[in-house]
Amino acid sequence: SSGINAEYGVTEFHPPFYIFGPVWTVLLVLNGGAAWLVWVKSGFGQAPLAFVLYYIQIILAIWYVPLFFSFHKLLGSFLVLAALWAMLCVKLIMFARIYYFAGILVVPYLIWVTFNT
């Protein structure tokens, strides 16, 4: 059990920390692929809100890391994760309306955020 497990009471149900790097790599590739499919289907001009949501979701994911791991702000990091989860739900719907498979590519990211919140 690592220090962060002991400090925050992470259960054994939580995935091991060494898996986070590979999982995030796959999730970010899928996320980028979903955005690319939407861009190919409609372009930036035809789906501006979808891309605004995409960029906000990236910013939220980046903010989470220092909030939780560096500053240990549990409430702040939880709020960022809640906003990220909501943003992913809306983005999934918007992407799926533009290109169904792009929405499907967002599902693993949403599941991961749900599972690790």
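The values are calculated or read from the model by the stated rules, or taken from the named source; none is laboratory data. None of the values given here were measured: they were computed from a predicted structure. Every residue, glycine among them, receives a Cβ derived from its backbone with ideal geometry; neighbour counts consider all protein chains shown. Just so you know, the surface numbers come from the protein's heavy atoms only, side chains and all, with ligands and any DNA or RNA stripped out. Shrake-Rupley method; radii C 1.70, N 1.55, O 1.52, S 1.80 Å.
Summary of computed values
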{"item": "Where a residue in the range 97-117 is of a type in the set (Gly, Ala, Ser) and its partner, wherever it lies, is open to solvent by less than 80 Å² (accessible area, probe 1.4 Å) and in a helix (DSSP H, G or I), with Cβ under 6 Å and at least six apart", "result": "Ala102/Ala34; Ala102/Leu37; Ala102/Val38; Ala102/Phe95; Gly103/Leu92; Gly103/Phe95; Gly103/Ala96"}
{"item": "Yes/no for Ala82 being surrounded by 17 or more Cβ atoms within 10 Å (Cβ to Cβ) and small (Gly, Ala, Ser)", "result": "no"}
{"item": "First in the range 69-95 and touching a residue at least 40 places away in the same chain (Cβ under 8 Å), second anywhere and hydrophobic (A, V, I, L, M, F, W, C) and open to solvent by 40 Å² or more (accessible area, probe 1.4 Å), Cβ under 8 Å, 6 or more apart", "result": "Met94/Leu49"}
